[in-house]
1. Over segment A:2-77, with the other protein chains present, what is the accessible area per residue in square angstrom, probe 1.4 angstrom?
2. Please enumerate, by chain and number, the lysines with C-alpha under 16 Å from the C-alpha of residue B:680, excluding those fewer than 8 residues away in the same chain.
3. Return the Cα extents of segment A:84-154 along principal axes one, two and three, sorted largest first, each rounded to a whole Å.
4. Report the net charge of residues surrounding residue B:569, where surrounding means a beta-carbon distance below 12 angstrom and charges are Lys +1, Arg +1, Asp -1, Glu -1.
5. Helix-only mean residue ellipticity at 222 nm, chain B, DSSP H runs n ≥ 4 weighted -39,500 (n - 2.57), per residue, nearest 500. What is it?
6. For segment B:639-683, state which residues have at least 50 Å² less accessible area in the presence of all protein chains than in their chain by itself, taking the probe as 1.4 Å and leaving out ligands, DNA and RNA.
7. With only alpha-carbon pairs counted, each pair once and no self-pairs, how large is the Kirkwood hydrodynamic radius of segment B:175-280 in angstroms?
8. Taking loop as defined by DSSP and a crowding limit of 12 other beta carbons within 10 Å, which trypsin sites (Lys or Arg not before Pro) in segment B:194-269 fit?
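The values are calculated or read from the model by the stated rules, or taken from the named source; none is laboratory data. Quantities reported herein were computed from a predicted structural model and do not represent experimental measurements. FYI the Cβ positions are ideal-geometry reconstructions off the backbone, even for glycines, and counts take in every protein chain you see. Side chains included, ligands, DNA and RNA excluded: accessible areas come from the protein's heavy atoms. Shrake-Rupley method; radii C 1.70, N 1.55, O 1.52, S 1.80 Å.
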Amino acid sequence: MARLNINGKFLDVDVEEDTPLLWVIRDHVGLTGTKYGCGVGQCGACTLHVDGVATRSCALPVSAVTADQKIVTIEGLGADKPHPVQEVWAELDVAQCGYCQVGMIMAVSSLLAQNAKPSEDDIRSEISNICRCGTYPRVLAGVQLAAQRMAANKG
Amino acid sequence: MNTKTLSRGDVAPSSVSRRSFLAGAAAASFVLGFTIPPRMSAAAQEATAEVNAWVVIHPDDSIQIRIARAEMGQGSLTGLAQLVAEELECDWSKVGFDLVSPHENLKRGKVWRDMSTGGSRAIRGSQEYVRTAGAAARSMLVQAAAQGWGVKPEECTVAKGVITHAASKRSTTYGAVAAAANKIAPPAQVQLKDPRTWTIAGQPLKRLDTRDKLNGSLVYGMDIRLPGMLVAIPKACPVHGGKLKSFDAAAVSKMHGVKHVLRVDDETVAVVADTFWRAKTALDALPVVWDEGDNAKVSSETIAAKLRDGLSAETNFVGNKTGDAKVVLAKASRVIEADYSFPYQNHAPMEVMSATIRWTPERCEMWGPTQVAEAALEAVAAASGLPIESCVVHPMRIGGSFGRRLVTDYVRIAVLIAKQIPDVPVKMMWTREEDMVQGRFHPVTQCRMRAALDQAGNVEALHMRISGQSIMAYMRPSVMTANGDPIAFQGLMPGGAEMAIGYTFPNLLIDHAMYNPHVRPGAWRGVNLNQNAVYLECFVDELAHATGQDPLAFRRKLMANHPKHLAVLEAAAKGIGWDSKPPAGVYRGLAQVMGFGSYVAAAAEVSVTKGRLRIHRIVAATDPGHVVNPQQIEAQIAGSFVYGLSAMLYGECTVKDGRIEQENFDSYNVMRLDEMPEVKVITVPSGGFWGGVGEPTIAVAAPAVLNAVFAATGKRVRNLPLKNIDLGTS
Ligand code: FES
Ligand code: FES
């Protein structure tokens, strides 16, 4: 049994301790926005936020997460209104097949929360999610535009 | 949630029969209700205002355009909708889409024609009939309005879905007359618009299917949840062609959540459990004995040795021949020779194989991704043991495919599992490891290039011998010719509208020796154009350097008879600034090819510092004849470069003891954002033909970069991937 705080709600799930958080969220909680890509921490498709930090959930056993840690998935990120990263992603038509994009958006939103003005090099080294469709040029442009937007909204 | 809730101009759910399911969840607050993709029951069709098979218009003026080809990220869904909407002259902001099901297509006499999606054919293969359908619908709608008013249709005009009769100052909307239009006979003939007058097609419109990709609500095949559903994970003999000897089900059947441990077929076992993780945990623990057979003796080395034999073997499979290259080469005073190779690649789409099946003795239903919906339906019928009329396939939007799902192997396995658990919906999911090992691999080839040069540095003869594996011998044996695989010579054919070589040599021989290892091949984005372009374009570059000529000037001489090939090469060269000096430390390379009906070229700029390659910039030029959506073309070209450069840098599936060694992205690395070059896309549509976009440009990225690497280092990379090569400068 594990107690988790997901998207602002507490819930108890009856799972084996070694179950990766990804599969707890997908199969037990029923939120399928977070994707399975590799299961070994390589691709980033399963990225979600744990206390605001982008975390690859496929390689994180549920026993390593405590109830006071706030887990946010894509379903929680733009629940009230779309996150600026989601808005920019729509504007630039970033997604191709879309399968990696949830993880991308979670990685990017976390990056921008920690580094409001990332340099191009920061973006290139921090966003290491795999996109087999090859959306990287628009991902790069999207991070830069989202950073500008978020700075303007604050100012 | 459903696959189309958030698409623009989507319509009232009442128009189609949708099945809502409540999936069981651990906490009530997290119970997830979603709808799996809508499908048209016969009754529901009558209830919709279907103007014709492609166009549905509702009373609120919202429009659904039916899409028969698979959408896997390539964007053809939007392009096809643009072509229909253009002729329909509707309001684009009201357009949504609906995916066609193959069983409906069958039932309605193939009214949506061919549903298969490969060979960069989604748009060019259907543009004419979808445009015709849009124009026919427009004509029927106008006629319906005119009849209602008692006026002549010719007196009415249309703009953005509003029909106007100016003389009587009356107007109405498509939505108001759609039901009446449905009763009108389609016109015998329609006049399609001149593409130069397009206002919806040809525009850089955004995709119709984006919103639900950004908030996690798009249900991919991997995401399906049905009440009472179980999850199955299969494992097939890792040595292709090997057999499943035995497995010890009792060792894992008591494990948490495990429901069944099954023999699927001669070579596959599966664990079925209530969740993915429990199934995987049990499968990993399951003792399995394989009968690997003789293929277990095969390795990359044994395959390479056989292919090497093929470089000099006798063959009568000739793809292109002018004069007598062999005789000229035998007598030549100067011969340049080089051997190349290109390894196995896995498609590795981000979404691995899956299919959800519900089998009952009367009916078999599948939800899942496929590039060949009709073949998937046939596969369901064959594996289920039911007549095809009792089978149903709901194709879903796909998380990347690149040719992998042109094969229905995974569909068959899913049905064979579900058939053993009647009435229970079973979602078969592969692990990434299974996906990597049981791929349908881009085939392995080697190539020997030999050229005879005269004193002035002109090419007198060229012999290109490809030695490699045939895709079609495995995938579609029925299309094999007496001599070999008809697609072996992609990009090298003497002429034609699809895959023609862009050079003229006075004596030319391009031939092929086939050797088919047991590793199962498939069509991988760009298919044989990938290695054929590397071989020819790098070797042409070698010849230019060997004779002290500028690679562009050298090509121009050989390309005089191929103006379209040359035009894109010139455009790419101009785009990179070939005539001016690159910045210090930066070097350039060129490549061109024709494939999938389009002419493409690339010019790359790289630097190599202490053995480390950096690709700074690639300029791509493409002539696809017509452009349906320029910003989607740009996305496809940049995306195909990522795919092609991933193969060039890292992609290599090796064989040891008969098995593919790479099981995940840790050993099968791919390009990421840190290595992404700047990509500039130049589109030079010359009109008069329809070329593909998703694949052709993939083939020019690698040779352009490899030629630039030579310019930078003096090292000629002839064996991919680059990760195995030391580029350290002396
Ligand atoms: S699925 Fe977690 S990193 Fe790939
Ligand atoms: S958009 Fe398809 S994998 Fe990234």
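1. On the way: 2460 Å² over 76 residues.
I get 32 Å² per residue for this part.
2. B:574
3. 33, 24, 17
4. Details: positive: B:555, B:556, B:564, B:574; negative: B:537, B:570, B:623.
Here the count lands on +1.
5. Details: 18 runs with 196 residues, N = 730.
One gets -8000 deg cm²/dmol as the mean residue ellipticity at 222 nm.
6. Residues of segment B:639-683 that lose at least 50 Å² of accessible area once the other chains are added: B:672, B:673, B:676.
7. Numbers: mean 1/r = 0.0503 Å⁻¹.
Hydrodynamic radius (Kirkwood, Cα only) of segment B:175-280 equals 19.9 Å.
8. Details: sites: B:196, B:206, B:207, B:211, B:213, B:225, B:235, B:243, B:245, B:254, B:259, B:263; in loops: B:206, B:207, B:225, B:254.
For trypsin sites (Lys or Arg not before Pro) across segment B:194-269 that sit outside H, G, I, E and B with at most 12 neighbouring Cβ atoms in 10 Å, the list reads B:254.
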